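Since every read-out is calculated from the coordinates, none of them should be taken as a lab result. Treat the numbers as computed from the prediction; the structure is a model and nothing was measured. Note that each Cβ is placed from the backbone with ideal geometry, even for glycine, and that neighbours are counted across all protein chains shown.
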Amino acid sequence: MMLLYIESLSPLYEDVQRSGIFSDSKFFVDCVPKFSSEIIVEKYINTKDSIGFDLVSFVEANFTYPKEREAVYSSSNKSIELHLSDLWDELTRKPDQQAGTLIPLPNPYIVPGGRFREIYYWDSYFTMLGLKESGRVDLIENMVNNFAYLIDQFGFIPNGNRTYYLSRSQPPFFALMVSVLMDVKGVGIVQSYLPQIEKEYQFWMEGSGSLSPSKVEHRRVVRLNNGSVLNRYWDDKNTPRPEAFIEDEQIAAESTAENNEVYRNIRAAAESGWDFSSRWFGDGVNMHTIETTQIIPIDLNCLLFFVEVIISAAYFNKNDQSTGKAFLIKSEQRKKAIQHYCWNEEKKCFFDYQFIKQTQTPHYTLAATFPLFFHIATIDQIESIEKIITDQFLQSGGLITTTNHTHQQWDAPNGWAPLQWIAYKGLKTMDENNSTAEKIKKNWLSLNEKTFAETGKMMEKYNVSNTKVIAGGGEYPNQDGFGWTNGVYLAMKNN
C-alpha cells in the first residue's frame, strides 16, 4: 500500500500553505488526493498561471477534505463520568485503509479530539490511564499493539500516524503503556513486547557507540564532558513542518540563525511534545531563539532510564543475567548523569542542561517532577521540589507548566493534564497521602468539572491561574475532546 508524502505535491503543497486559503496549516496536509500526485502536480503546473485560475477551486476538485467530527454526540444532561465513558467510543477510530498522509493501523485506536484526527504518541499513555479506569482493556491492548506495529514497520513510534511525522518521535512512553497493560494482564505481558521495547530503545540510542571526545553528538545522543551519554530531542529533517508550514517560515525569518537550523530546532521541540515553551528558547522569551537540539531534557532522560530498567528486569526474568545486568548498569549510569548534570544544589531543583554552553538552563518547569515519578530523586530532593511546586507552580486550577508567562501554550498560565499526573504521582512516591499532591488533585479536578459544567467539554489545556479565562497561546485554538484530559481525570479521581 503506497503512502502519500506531502512533498510529492510540490510546488502545489508550498503554494497552498503560503496562500492562507486555510486558517489551519494542518488542514491541507490532511486532505486526501483524488488522483495520483503526478497527475495533480502536472495539472497544477499547466493551469496555475491561466487567467481566472482559482486555487481553492483547484484544491476542491482534486482533494477530499478531512472529515470534521459529526455533531451527533451530545454531553447535555450527562454527568462527567458518563460523558467520559461515552466519549471513548466517540474518539475511537476504526482500522484504516490508507488515505492521503494517514498511515493505516491494524487495530482501533483513540484520537485526542478536535483537529487531531490521528493518534499521538505520548498522549496515548495518559488516555490509557483513563481507559483502564473505564475497564476498556480491549482498547488499551489494541493501542499497544498499534504502537508495536509502528515500531516493527518503521523502527520507532512516529509523532503520530501521518507520513509527515515520520522524521521524529515523541517522548518514549511505550514501555509505560506496556506497564499499564501489565497491571491488568500480569507481569508476563512485558516479554511479549520486549522486542519492540528494545527496538525503540535502539532508535533513541542510535550512534551512541560512535561518540568520542571529538564527536560529541549524533542525532538523539550526546556525549558529555565526563563521558556520560544522555539524550536530546531531534528531527531528521530541517525544513518547515508541513502541518505548520507558514508559521515555521515566519519564525525563521525573524531569526539570525540559518533557516535549516531553526527548522530542525522547531521540529525537535515538536518531538518533545512541549510545542512550544520558553524552555527551549535561548533568551527564554522569543521563539526565534529556539535551541532545542542543544538541550539535554530532564524528562526525556528519565523516560529512557525507565526503559533501561524495564529491559533489565525483563532479561532477569528470562534468566539472562548478563543482559539484565548490562541494562541495569546503563540505568544506574543514566541516573547518576541526570543527578550530575540536571540537579542544582543551590536552587534545590532539576533543570535541563545546555550542553553547548555547558550550563543548566535557568527555567523552572514541571519537567523537574519526572525524577520524582521515576524514583530518581532522593527524599531530600523530593521535599525541596515539593516546596518549589507549592511556592511557584500551584494555582487555583492546578499546576502551571513553567514559571514563565509567555504567549506559548506550554508556559504559564496554562496547565496540562499529563504534567498534573506526573507531578501528582511523583509527590506520592514519598508519601501516599502527600498534602501537596492532594491539593494538585483537588484544584485540577475542580477546574475540569467547572469547565465541563459550563461548556459540556473537556479541554486540551486549561488556564490554571485564572479559571474564568479560556486557555490560549500556541498555533491553534484550544481543542476539546480531549483524550489525555479525560484519562488523567478518571485516573486522578480514582487514585
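Annotations
- Spin-label pair Val469/Ala257, simplified geometry with 7 Å Cα→Cβ offset, distance in nm: 2.9
- With contributions of -39500 (n - 2.57) from each DSSP H run of at least four residues, the per-residue ellipticity at 222 nm computed over the chain stands at -14500 deg cm²/dmol.
- Rounded to the nearest 20 debye, the dipole magnitude of the range 76-129 is 140 debye, with +1 charges on Lys and Arg beta carbons, -1 on Asp and Glu beta carbons, and the Cα centre as origin.
- The range 101-171 and the range 350-382: distance between their alpha carbon centers, rounded to Å: 28
- Signed unit charges on C-beta, dipole axis of the chain, positive-most listed residue Ile290, Phe203, Phe245: Phe203
- Order of Phe126, Phe370, Phe316 under a 10 Å beta carbon neighbour criterion, fewest first: Phe316, Phe126, Phe370
- From the coordinates shown, volume of the Cα convex hull per residue in Å³ corresponds to which of (1) 186; (2) 155; (3) 168: (2)
- Extension gain from Val216 to Val56, taking 0.36 nm per residue of separation minus the Cα-Cα distance: 52.8 nm
- Cβ-based charge dipole, the range 361-494, positive-most Cα from Ser446, Ile385, Thr369: Ser446
- Ignoring lysines fewer than eight residues from Lys493 along the same chain, the ones with Cα atoms less than 16 angstrom from its Cα are Lys132, Lys425, Lys428, Lys439, Lys441, Lys442, Lys450.
- With neighbour counts taken as other beta-carbon atoms within 10 Å, the residues Cys342, Cys349 rank, fewest first, as Cys349, Cys342.
- Dipole magnitude for the chain: computed about the Cα centre from +1 point charges on Lys and Arg Cβ and -1 point charges on Asp and Glu Cβ, it is near 1020 debye.
- Order by protection proxy (mean Cβ within 10 Å, highest first), peptides 235-244, 455-464: 455-464, 235-244
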